[in-house]
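Please read the structure below before turning to the comments.
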2 protein chains.
Amino acid sequence: MTTERADAARNRAMLIATAREMLAEVGADRITMDALAARSGLGKGTVFRRFGTRSGIFMALLSDGERAFQKRVLTGPPPLGPGAEPLERLVAFGRARLRFLAENHEIARAALDGRTPVPFGPPAMMSQRHLRMLLQQMGVPAADLEILAMQLTAALDVPLLLYTAPQDGENSEVTFEDRLARGWEDLVSRLSA
Amino acid sequence: MTTERADAARNRAMLIATAREMLAEVGADRITMDALAARSGLGKGTVFRRFGTRSGIFMALLSDGERAFQKRVLTGPPPLGPGAEPLERLVAFGRARLRFLAENHEIARAALDGRTPVPFGPPAMMSQRHLRMLLQQMGVPAADLEILAMQLTAALDVPLLLYTAPQDGENSEVTFEDRLARGWEDLVSRLSA
DNA sequence: GCCGAAAACGGACTTTCCCCCGCTTATATC
DNA sequence: GATATAAGCGGGGGAAAGTCCGTTTTCGGC
C-alpha cells in the first residue's frame, strides 16, 4: 500500500459524505449498502470494497471523528492536552471521551459487530495507550498497567455505549452522562491515592 | 404472560438443544435460522417467534448458562457464595466471571447485537446488582454506587468479551485471563482501602 | 368432553448483506 | 505520449435475516 489511488480516495470521501447525509436524514439503521451506493452514484461492489462490511462504514465514520478527538488530546490545550497534572488530565480525558461517545452514540452502536475482534481497532487502542501513559506518570503502583488501562477503558466506554438505549430522553441521558463523569473522577482519584 | 404454552415450551427446549448441538459441531457463525429450524423439524417462523433475532438465540443460550452461575453466586459455597468477607467474595466473583466468559466466549460474542440496548439484559444486570451489594457491604465510600458497579461490571466483562479474538492460542488466552484476574483483584483491593 | 378465544406454527415472500469476476481506469516507466 | 500492470469499479446472484398472515394447536371455562 504505497498511496491510495485518486479515484479510490475520491470515492471514499464521496461515500463518507453521503453516509453522513443519510445518517442525519434517516438514521443509522436505514442506511443500506444498496441505498448508499445508489445515492453516491457508485456501484454496490465499490462500497464493499471500501468498507468490507456494513459496520465497516460506521467504523470509518467513527474513526473520522476520533481523529479530531485524538488531536485535541495530544496537542490541544490543557487540561485535556499536555501541560496539566496527570490526574487532571485523566479526569478531563474521561469527561471528554464520555461526551464524544454520547455524541456519536448511534454511529458507535452501528459499528459494533459480532465478528470484529477489538471494539474498533485504532480508537480503543489510543484510549488505552493514553490512559496507560497517564497512569504511569501518576506512578500508580499497579502490577500490570496494561491490564489496568484496558479495564479503565472499558469502564469508561462501555456504559454509554452499551448499557444505554439510543432513545433515552435527552434530559435523562445528559444526567446519566454526568453521573458517569463524576463516577469516573471518583474512581481515578481513588486509584491515585 | 401467565404461563408458557406447552407446545411453545417444548419447541423452545428443542431449539436450544439443537442450537447447542450445532454449536459443538460447526461453530456459532455457521448456525443459520433456516438450518436451525430445519434440523429441529420446525418452521422458520417459529424460530423467529421464539428468539426474535439471530443473536436472540445466543442470548438465550447464554442466559441458560448464566442461571447456573447465578445460583453458585447466590447459594453456593464461599468464597463465591455467601459466608465470606465481601472483599473475598468480590475477588472470587471476578475470577469466576472471567472464567465463565472465557468458556462462553463464542456464544457471548455471537449474542452481541448493534440494536439490543444492554449487553444481555438479565446477565449484566445480575452482575451489576451483585457488585453493588458487595461494595455496599464493604462500605466503599462512593457517591454513586450504582455507577461504580456499572463501571466495574464493564471493566470485568468487556476485555475478555471484546478485546480478544476467539482464535487466540489456548495458552495465551489462559494467560490473558489470568492477568485480568490479578488486575481485578488489584483494582478492587485498592478501592476498598 | 366441548367450544371459543388467544397463542403458536409454518413457510412463502421481501429485504439486505456480501461475494465474485469480467471490465475499466489510474499510474509508473520508457 | 504509449503501454503494461496493478488497482479499482460495478452490478448480477446466492444466501441468510426478518416479516406476514392463513392455518393449527392449546387451554380455561362450561
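The values are calculated or read from the model by the stated rules, or taken from the named source; none is laboratory data. The structure presented is a predicted model; accordingly, all values stated were derived computationally and were not measured. Methodologically, a virtual Cβ is constructed for each residue, glycine included, from the backbone with ideal geometry; neighbour enumeration extends over all protein chains shown.
Descriptive notes on the structure:
- Residues in the range A:33-44 that are surrounded by 11 or more Cβ atoms within 10 Å (Cβ to Cβ) and within 13 Å of DNA strand C (Cβ to nearest atom): A:33, A:35, A:36, A:37, A:38, A:39, A:42, A:43, A:44.
- Taking first residues from the range A:1-27 that are within 15 Å of residue A:57 (Cβ to Cβ) and partners that are acidic (Asp, Glu), the Cβ contacts under 8 Å between residues at least 6 apart in sequence or on separate chains come to A:12/A:4; A:16/A:64; A:23/A:106; A:27/A:106.
- Annotation note: of A:174, A:188, A:118, the sole residue that is within 11 Å of another protein chain (Cβ to nearest Cβ), out of contact with any Pro (no Cβ under 7 Å at 6 or more places or on another chain) and at pLDDT below 95 is A:118.
- Here B:64, B:34, B:7, B:29 are screened, and the one residue that is farther than 22 Å from residue B:112 by Cα and of a type in the set (D, E, K, R) is B:7.
- Checked against the criterion of being farther than 30 Å from residue B:128 by Cα, surrounded by fewer than 12 Cβ atoms within 10 Å (Cβ to Cβ) and within 13 Å of DNA strand D (Cβ to nearest atom), the range B:46-66 has no qualifying residue.
- Residue count for the range A:1-32, restricted to those that are small (Gly, Ala, Ser), within 11 Å of DNA strand C (Cβ to nearest atom) and either assigned by TED's automatic domain parsing to the domain that holds residue A:60 or farther than 19 Å from residue A:46 by Cβ (or both): 1
- Which listed residue is touching a residue at least 40 places away in the same chain (Cβ under 8 Å), among the basic types (Lys, Arg) and part of a helix (DSSP H, G or I), from B:99, B:67, B:49: B:99
- Residue in the range B:10-24 that is among the β-branched types (Val, Ile, Thr) and within 8 Å of DNA strand D (Cβ to nearest atom) present: no
- Each residue in the range B:46-105 was checked for being within 24 Å of residue B:33 (Cα to Cα), more than 16 Å from DNA strand C (Cβ to nearest atom) and of a type in the set (S, T, N, Q), and 2 of them qualify.
- Single match in B:110, B:9, B:24, B:37 (criterion: within 14 Å of another protein chain (Cβ to nearest Cβ) and either closer than 30 Å to residue B:138 by Cβ or in a helix (DSSP H, G or I) (or both)): B:110
- Number of the exception - residue B:75 against (1) surrounded by fewer than 13 Cβ atoms within 10 Å (Cβ to Cβ); (2) within 16 Å of DNA strand D (Cβ to nearest atom): (2)
- Output for the range A:52-64, where each listed residue is assigned to a helix (DSSP H, G or I) and either polar (S, T, N, Q) or touching a residue at least 60 places away in the same chain (Cβ under 8 Å) (or both): A:55, A:59, A:62, A:63
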